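Below: one structure, written as structure tokens.
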């Protein structure tokens, strides 16, 4: 018993003191672009709707279709690229990502925009899934959640810098200019990854597609995937429609929206890093505390539209807590799908985006109810609370499950 405790203490010490390799931070550049393009729509919905002469819920379908592409594309691309070197997959994904953004900028109808966004989402799903596997393999022993926290933080930095800067850029050049810029940046990141990321042994080439699918039989993996869907869906049901909520219900000016988005993004960036560090030691505690905090904060946002200071503070705190369990959930998905790391990672990405897709779709429907622009917040509060169901089941048999895994 004492020997086991000594080993655990030693592992935690190594995890806390080991430096993560530069390659992980370079991969985070890619996730920065991926989350920028996913979330940027939230700050530009009114502009896009006005330009295309469509309703806000119709413009919100651009969020829904991107999430749908991630849901379908993540596991599909994981299977199609299972024999390719990880580095090549990352570069190809960025090239397709860039082409998709040029297509978005040139689109003149909602149908063309939806198709281009779907193509971009396929590339995003492929990149994110492989980047998570690569980061976990490059991390020192006992630091997988911390490494995945950096990958997630790269995405969350998008909400601090990418989304607000993109929103400002859209106000100056039009929303199309933002997508041209993102496509160009994707080419630059592809070059950096091609130069700086080490070529790994293609470990998953040792697995057949049959062995990958067989590795998905763990019930705990599916509990993790359920938690991925609800924890993200709860937060993004509100975030996807934050612009109309702020301008219509809380009477903020459109110019204030990017600053409030930055408050959410700052919180989410810090939360991803802290969540990764805490998650290596207390993963199940974190996956329970996060939905509790999100539910309470969304309730506070719902009732504080008449108090600007309280509303902005609540949005910032929601960013801090709401997505902080994501790196831990990805790490748990990798743990419970040991025989299928690529497919397990891709399914966690798909689950996050399934939550986003459902939340943005039904959030748009809530805009047309008596709750108006605050309807998506109320929906998010209910969805976030649902996360406690799978999170509790995951935590309850923790000792025996950990031994088995």
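Points to keep in mind about this one:
- Cα principal axis extents for the chain, largest first, Å: 63, 42, 36
- For the chain, built as a Gaussian network whose Cα springs stay under 10 Å, the top-fluctuating residue of 383, 172, 71: 172
- Ranked by how many other beta carbons lie within 10 Å on average, peptides 289-299, 181-191 from highest: 289-299, 181-191
- Within a Gaussian network of the chain (alpha carbon springs, distance under 10 Å), most fluctuating of 328, 130, 312: 312
- Between residue 172 and residue 382, residue separation times 0.36 nm minus the direct Cα-Cα distance comes to 71.9 nm.
- Of the residues 258, 75, 140, the one that moves most in a GNM of the chain with alpha-carbon contacts below 10 Å is 140.
- Kirkwood hydrodynamic radius of the stretch 252-334, from the reciprocal of the average inverse Cα-Cα distance over all distinct pairs: 13.2 Å.
- Between the stretch 126-161 and the stretch 218-274, the alpha-carbon center distance in angstrom: 19
- Evaluated at q = 0.13 Å⁻¹, a Debye calculation over the C-alpha positions of the stretch 214-289 (equal weights, vacuum) places log10 I(q)/I(0) at -0.58.
- Ascending count of other beta-carbon atoms within 10 Å, so fewest first, for 128, 175, 222, 259: 259, 222, 175, 128
- Angle between the chain longest axis and helix 175-196 axis [Cα atoms, degrees, rounded to 10]: 20
- Sorted by Cβ density within 10 Å, fewest first, the residues 284, 101: 284, 101
Read the figures in this text as sums done on the coordinates, not as results from a lab. Only a predicted model underlies this, so the values are computations on that prediction, with no experimental measurement involved. Cβ sites come from the backbone with ideal geometry, for glycine too, and all protein chains shown count toward neighbours.
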